[in-house]
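Working notes, structure below.
The values are calculated or read from the model by the stated rules, or taken from the named source; none is laboratory data. Predicted, not measured: the structure shown is a model, and the values here were computed from it. Here the Cβ positions follow ideal geometry from the backbone for every residue, glycine too, while neighbour counts run over all protein chains shown.
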Amino acid sequence: MLKWIFIIFVAVVVIVVGGLYGLGSFVLHHATDEDSFSAGIYEKTMESRLQGFCNDFIKQNVVPDEENTEAQFKATCKCFANDMFEKIRDVPPGELEEFLQKKESDKSAQNIFKKCAYQSGLN
């Protein structure tokens, strides 16, 4: 009896792991397909990461004072995440690291951040 429980447990684990791997693979291969489920996941994931990157950048480089508010920081990072994602929307996840390492991408990110900071009223 114990042998059969173990076999069933192993089979369930293999099926679940295989299913998760298949789903992950599907999402990665269809992340840039317009209006697809995968594109929605890719967008939410990347915008969250971009906002986190922006928040970390602000914490390290912008001194909080009486002129800049938390709302301005949040607005800046939301704007940055939205605009930067539009730049990378068509870049497949497997090519994203290489794309972001390019000098043009870095310059574009800096310009987007400056524009968003200006729109949010950061000094």
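Taking into account only those residues within region 86-123 that are of a type in the set (D, E, K, R) and closer than 30 Å to Asp65 by Cα, which is modelled with the lowest pLDDT? Among them, the one singled out is Asp106. Note on region 31-56: among residues that are in contact (Cβ under 8 Å) with a residue 24 or more places away in the chain and not in a helix (DSSP H, G or I), the one that is surrounded by the most Cβ atoms within 10 Å (Cβ to Cβ) is Ala31. When restricted to residues that are in a helix (DSSP H, G or I) and more than 22 Å from Tyr42 (Cα to Cα), region 58-82 contains 8.
The test for being in contact with an Asp or Glu (Cβ under 6 Å, 6 or more places away or on another chain), in a helix (DSSP H, G or I) and aromatic (Phe, Trp, Tyr) does not hold for Phe99. Yes or no: Phe85 aromatic (Phe, Trp, Tyr), in contact with a Leu (Cβ under 7 Å, 6 or more places away or on another chain) and either crowded, with 16+ Cβ neighbours inside 10 Å or assigned to a helix (DSSP H, G or I) (or both)? Spelling it out, Phe85 is indeed aromatic (Phe, Trp, Tyr), in contact with a Leu (Cβ under 7 Å, 6 or more places away or on another chain) and either crowded, with 16+ Cβ neighbours inside 10 Å or assigned to a helix (DSSP H, G or I) (or both). All conditions but one from (1) part of a helix (DSSP H, G or I); (2) among the charged types (D, E, K, R); (3) more than 17 Å from Gln51 (Cβ to Cβ) apply to Asp90; the one that does not is (1). Please go through region 57-114 and give me each residue that is within 21 Å of Ala39 (Cα to Cα) and either touching a residue at least 60 places away in the same chain (Cβ under 8 Å) or more than 16 Å from the chain's Cα centre (by Cα) (or both), ordered by number. Listed by number, the residues that qualify are Pro92, Pro93, Gly94.
Here are some residues: Phe9, Phe26. Which one is surrounded by 12 or more Cβ atoms within 10 Å (Cβ to Cβ), modelled with pLDDT under 65 and farther than 27 Å from Ala109 by Cβ? Matching residue, one of Phe9, Phe26: Phe26.
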